[in-house]
Amino acid sequence: MTTITKDMIIGDIIMIDEGIAPILMNAGLHCLGCALASGETVEEACMVHGMDVVDVVNTINEYLANKEK
């Protein structure tokens, strides 16, 4: 099972599964098209946007776990 961590690069996790992009957008990370965003870690992006990285990572990992069922 693929597991996302807070220190992974946003561009890399979207390449793992494009379905992660809408999750990030719904969480409030609307800057996915920005060149800087694709090179940031999930933790860095959440920090800039004042978001709880644990919640975002958990949501992504729940999505991936449910997809594998």
Just to be sure before I move on: is GLU40 of a type in the set (Asp, Glu) and either in contact with a helix residue (DSSP H, G or I) (Cβ under 6 Å, 6 or more places away or on another chain) or surrounded by 15 or more Cβ atoms within 10 Å (Cβ to Cβ) (or both) in the structure I sent? yes
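To keep it simple, each residue is scored yes or no on (1) charged (D, E, K, R); (2) in contact (Cβ under 8 Å) with a residue 24 or more places away in the chain; (3) surrounded by fewer than 17 Cβ atoms within 10 Å (Cβ to Cβ).
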residue	(1), (2), (3)
GLY28	no, no, yes
ASN61	no, yes, yes
ALA65	no, yes, yes
GLU68	yes, yes, yes
If a residue must be touching a residue at least 40 places away in the same chain (Cβ under 8 Å) and open to solvent by less than 50 Å² (accessible area, probe 1.4 Å), how many such residues does the range 1-26 contain? 6
Subset of the range 28-44, residues aliphatic (A, V, I, L, M), in a helix (DSSP H, G or I) and either in contact with an Asp or Glu (Cβ under 7 Å, 6 or more places away or on another chain) or at pLDDT below 90 (or both), comes to ALA35, LEU36, ALA37
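The values are calculated or read from the model by the stated rules, or taken from the named source; none is laboratory data. Since this is a predicted model, take the numbers as computed values, not measurements. Virtual Cβ from ideal backbone geometry, glycine too; neighbours counted across all protein chains shown. Quick note on the areas: whole protein, heavy atoms, side chains included, nothing else; ligands and nucleic acids left out. Shrake-Rupley method; radii C 1.70, N 1.55, O 1.52, S 1.80 Å.
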